[in-house]
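J.: First the structure, then my questions, so here it is.
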Number of protein chains: 2
Amino acid sequence: MEDKIFREFLEKKGLKFTKERAAVLKEVFSNHNHFDPDDLYVKMKGQGMKVSKASVYRTLPLLLECGLVEQVERFDKHAHYEHTFGHGHHDHLICIKCGKVIPLFSEKLEKLQESLCKQEKFRCLTHILEIKGYCSKCEEKGQGGKQKRPGV
Amino acid sequence: MEDKIFREFLEKKGLKFTKERAAVLKEVFSNHNHFDPDDLYVKMKGQGMKVSKASVYRTLPLLLECGLVEQVERFDKHAHYEHTFGHGHHDHLICIKCGKVIPLFSEKLEKLQESLCKQEKFRCLTHILEIKGYCSKCEEKGQGGKQKRPGV
DNA sequence: TTGTAATTGAGAATCAATCTCAATAGAGGA
DNA sequence: TCCTCTATTGAGATTGATTCTCAATTACAA
Ligand SMILES: [Mn+2]
Ligand SMILES: [Mn+2]
Ligand SMILES: [Zn+2]
Ligand SMILES: [Zn+2]
């Protein structure tokens, strides 16, 4: 399914559905975790797949452009992604103590954003909402100890 | 005012309110624009102020920690900030064609986020909401032409 | 004044991301 | 099939923001 979408997207742009691009796509959709480009590259190499780092870095923006993946939690120094096809768009609650990422979706929230954009005559295409704080576990344990993700 | 806040914050941490830190603070509050660390450094140098890049990069996280500045629009490759003291928190609409950044604040939106967090038993501290699309001007001009900010 | 710890700046180091470029692959045409 | 043209690839070099290192300096309190 995502193959079809990607293939058609590439065709429309006069680009080819090569095995390297197919491999990246496949890996991206192999599970539902968030990932960063290097993770992906290492994992593919580990499985004996044939790709270069350059191809990974070149393919991800294409997947982004055709809407198969979205970027998430860029408070780290490098980009993170997740595939979105087959899921819906969602936002993220991020625990600054343990690093846990909790997906959040609210129709009401989405609608409200849309209506606010309309008021500004702004045509909204995408958005990123990241809420940072303490997850229930870390909250009850108290906030002592070292943050896993300082500077947030 | 912001001097007082910063000074007390530093004191509480056993850090000193040095002239370098004071200079960065002053520059950050000299106007209401968004900025990035290098801009700030160059501007300070241009005015003959005495700072190093290292001090700028060291001071900004402190200002972040004490709530005098917030980070915004990290879709560029480097960090951007704005001072928030004396303003309220607000979110941003970002035009992917011309790069314009439109501040947005909605009490309703903030409250809704809070209540969603409560449902998840998540203690929310901060959040970043960035909505990307076309501003009214770019929308009416049509979307032809090259994006100023590709990859968004 | 002296001791101690924090701070500073210059430059080196890091490291994600991008770019370069020669070698390849693939599609279509002759 | 053979040729040509263009897109693609990977290895490695390069970039550029940020962080780190470390010797020199400063601030402060005893
Ligand atoms: Mn997610
Ligand atoms: Mn703003
Ligand atoms: Zn947690
Ligand atoms: Zn615009």
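J.: With +1 on the Cβ of every Lys and Arg and -1 on the Cβ of every Asp and Glu, and nothing else charged, how large is the dipole of segment A:8-152 about its Cα centre, in debye rounded to the nearest 20?
T.: 420
J.: Rounded if a/c is under 1.5, else prolate if a/b beats b/c, else oblate: with a ≥ b ≥ c from the C-alpha gyration tensor eigenvalues square-rooted, which is segment A:53-109?
T.: oblate
J.: Let me ask something else about it. Need one number for the protein assembly as shown: average projected area of the convex hull over its C-alpha atoms, nm².
T.: For the Cα atoms of the protein assembly as shown, the hull's average projected area reads 18.6 nm².
J.: Could you please rank A:Leu62, B:Leu15, placing first whichever residue has the fewest other Cβ atoms within 10 Å of its Cβ?
T.: B:Leu15, A:Leu62
J.: Now a separate question. Does segment B:1-87 come out rounded, prolate or oblate, given a ≥ b ≥ c as the square roots of the eigenvalues of its C-alpha gyration tensor, rounded meaning a/c under 1.5 and, failing that, prolate meaning a/b above b/c?
T.: Oblate is the answer for segment B:1-87, as a/c is 1.5 or above yet b/c matches or exceeds a/b.
J.: Toward the positive end of the charge dipole of segment B:32-113, about the Cα centre and with charges on Cβ (Lys, Arg +1; Asp, Glu -1), which of B:Phe105, B:His83, B:Pro37 goes farthest?
T.: The one lying farthest along the dipole's positive direction is B:Pro37.
J.: Please report, for A:His90, the nm distances (one decimal) from its label point, 7 Å out from Cα along the beta-carbon direction, to the equivalent points in the remaining copies, shortest first.
T.: With the label placed 7 Å along Cα→Cβ, A:His90 yields 3.2 nm.
J.: Something else about it: Output wanted: per-residue J couplings in Hz (rounded whole) for segment A:37-52, from phi through Karplus 6.51 cos²θ - 1.76 cosθ + 1.60, θ = phi - 60°, x for Gly and Pro.
T.: x, 5, 3, 4, 4, 4, 4, 5, 4, x, 8, x, 6, 9, 8, 10
J.: For chain B, what does the alpha-carbon gyration tensor say about shape, rounded, prolate or oblate, given a ≥ b ≥ c as the root eigenvalues, a/c under 1.5 as rounded, and a/b over b/c as prolate?
T.: The shape class here is oblate.
J.: Using 1/(1 + (r/R0)^6) with R0 = 22 angstrom and r between the beta carbons of A:Asp3 and A:Glu65, what's the FRET efficiency to the nearest 0.05?
T.: Plugging the Cβ-Cβ distance into 1/(1 + (r/R0)^6) gives 0.85.
J.: Here is a follow-up. Only Cα pairs under 8 Å and at least 6 apart count here; give the relative contact order of segment B:16-146 as a rounded whole percent.
T.: Once divided by the residue count of segment B:16-146, the mean separation gives 20 percent.
J.: Say each of A:Arg58 and A:Lys43 gets a label point 7 Å from the Cα, pointing the same way as Cα to Cβ; how far apart are those two points in nm?
T.: Taking the simple label geometry, A:Arg58 and A:Lys43 are separated by 2.2 nm.
J.: Also, quick follow-up: Return the single residue from A:Gln47, A:Gln119, A:Gln71 with maximal mean-square fluctuation; model: Gaussian network over chain A, springs between Cα atoms under 10 Å.
T.: A:Gln119
J.: Out of B:Ser115, B:Ser55, B:Ser30, any idea which swings most in a Gaussian network model of chain B, alpha carbons joined below 10 Å?
T.: Sorting by GNM fluctuation, first place goes to B:Ser115.
J.: Let me ask something else about it. Can you tell me the orientation of helix A:19-28 relative to chain A, as the angle in degrees between its alpha-carbon axis and the longest Cα principal axis, to the nearest 10?
T.: Taking the Cα atoms of chain A, the angle to A:19-28 is about 20 degrees.
J.: If you don't mind, another one. Apply the Karplus curve 6.51 cos²θ - 1.76 cosθ + 1.60, θ = phi - 60°, to the phi angles in segment A:86-102 and return the couplings in whole Hz, x for Gly and Pro.
T.: Per-residue couplings from phi come out as x, 10, x, 4, 8, 9, 9, 9, 10, 7, 7, 8, 9, x, 4, 10, 10 Hz.
J.: Also, I was wondering about something else. For a quick check, take a GNM of chain B with Cα springs below 10 Å and name the residue from B:Arg123, B:Arg58, B:Arg21 with the largest mean-square fluctuation.
T.: Result: B:Arg123 has the largest fluctuation of those listed.
J.: Still on this structure, I have one more. Give me the one-decimal nm value for the distance between modelled label points at B:Lys12 and A:His78, 7 Å along each residue's Cα-to-Cβ direction.
T.: Calculated label separation equals 3.5 nm.
No lab work stands behind these numbers, since they all come straight from the coordinates. Just so you know, these numbers come straight off a predicted model, no measurement behind them. FYI the Cβ positions are ideal-geometry reconstructions off the backbone, even for glycines, and counts take in every protein chain you see.
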